[in-house]
Amino acid sequence: MSTVEVLFDLVFVFALTQLTDFVEHANGPNDFIRALVVLVLAWAVHGGYVALTSRPALIAGAAGFLVMAQAISASFSDGTLVFALAYLFVVLVHLAAAVRCGAPGRGGLALAAFGLGAALLVGLAVLVPIQWRLPLFGGGAALFVLESVLRRDRAFDLDPGRFVERHGVLAALVLGGAVVAIGTAALGRPLDTELAARIVLALVLIGAFGGLRFERDAQAMAAADPRTRGRMAILGYWYGQLVMICGVLLFAGGVKQALATAGAASGTAWLLSGGVAVYLGGDGLFRTALGLRAFAERAAAAVIALPFALLGRGLGVLAELAALSVFLAGMLALDALRSKGRSKGAGAT
């Protein structure tokens, strides 16, 4: 993986930090829907750039993404035009690069074509009243969902090793962005014992997110036939990792609320537990797509994690963070025991 690819991913993670602020200051369900729609739009275009190795295209795309990220907070108000133009630029750069790359870019070319349709819908939002902008943004995101459904059974024409490496690095960078959110959220507040404990426990939970991720995906992708790899890429990496990113954003937004003030907003506890629950659901989808039948188990864990919010509302977010840390530590220990058992079984055979 080249330095320029890492640079592009870092800019994408910066866009995610802007979405974290969006979540942190959400005033109702519509704000969460807006954050999700923008995330899908950004995630879909990022997926197209995964196939690119051209330095000029990656640098140009990163520049467009950076401007787009700056406009996210006002993307449904006075920043719609800047967001739309930056998004169109990123899509056009990807389209031009996909046209040039030949056979390996056929799938990328189709994705770029859907991206152009999404960019046009986002651009139309500039011309309508604010209350009509969300449906147009949503229509653009829906185009990418349609595109993923249409190509889920197509042969996978990318190097699976490089594909897995790129997404693995991105997953680490996303968690790193959440750590940065922790480090900046408490700036300006006196560092007392409770604040320090909240910081440490939040970091423990983010570390647990990384530990829960299925690490044998390279083997699974390499062993599969091209069509199966295509389904793995769509269900596991497009949807599974997208859901995990949603979980990280929700959790990071809750952490920022929990660290910004001595108390916590009424929805902070639900953001923390909801973020953990969503991440576990995405992890289950990711594992299942790659052949490890763990969705039911992870879904059950997600359901168990959500009511921890009641503990946070009753005893405070510190108690909630501590309980969630113990819960995820138990899951990691169980995963480790199972992995050790499988290793012994393989050795015996």
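The values are calculated or read from the model by the stated rules, or taken from the named source; none is laboratory data. The shown structure was predicted, so the numbers you read here are calculated from the model rather than taken from an experiment. Using ideal geometry, Cβ is built from the backbone for each residue, glycine included, and neighbour counts are taken over all protein chains shown. Note: areas computed on protein heavy atoms with side chains; ligands, DNA, RNA excluded. Shrake-Rupley method; radii C 1.70, N 1.55, O 1.52, S 1.80 Å.
Observations
- Per residue, the accessible area of the chain comes to 43 Å², computed with a 1.4 Å probe over protein heavy atoms only.
- Dimensionless Rg over Rh [the chain; C-alpha; Kirkwood]: 0.97
- Ranked by the mean number of other Cβ atoms within 10 Å of their residues, highest first, the peptides 62-73, 116-127 come out as 62-73, 116-127.
- Rounded percent of accessible protein surface that carbon and sulfur make up, the chain, 1.4 Å probe: 69 percent
- Among Pro190, Gly240, Gly230 the positive-end extreme of the charge dipole of region 181-265 (Cβ point charges): Gly230
- Full extension of the chain segment joining Val145 with Leu306 gains 55.3 nm, where the gain is 0.36 nm per residue of separation less the Cα-Cα distance.
- Value of [θ]222 nm, deg cm²/dmol, for the chain, DSSP H segments ≥ 4, -39500 (n - 2.57) each, nearest 500: -26000 deg cm²/dmol
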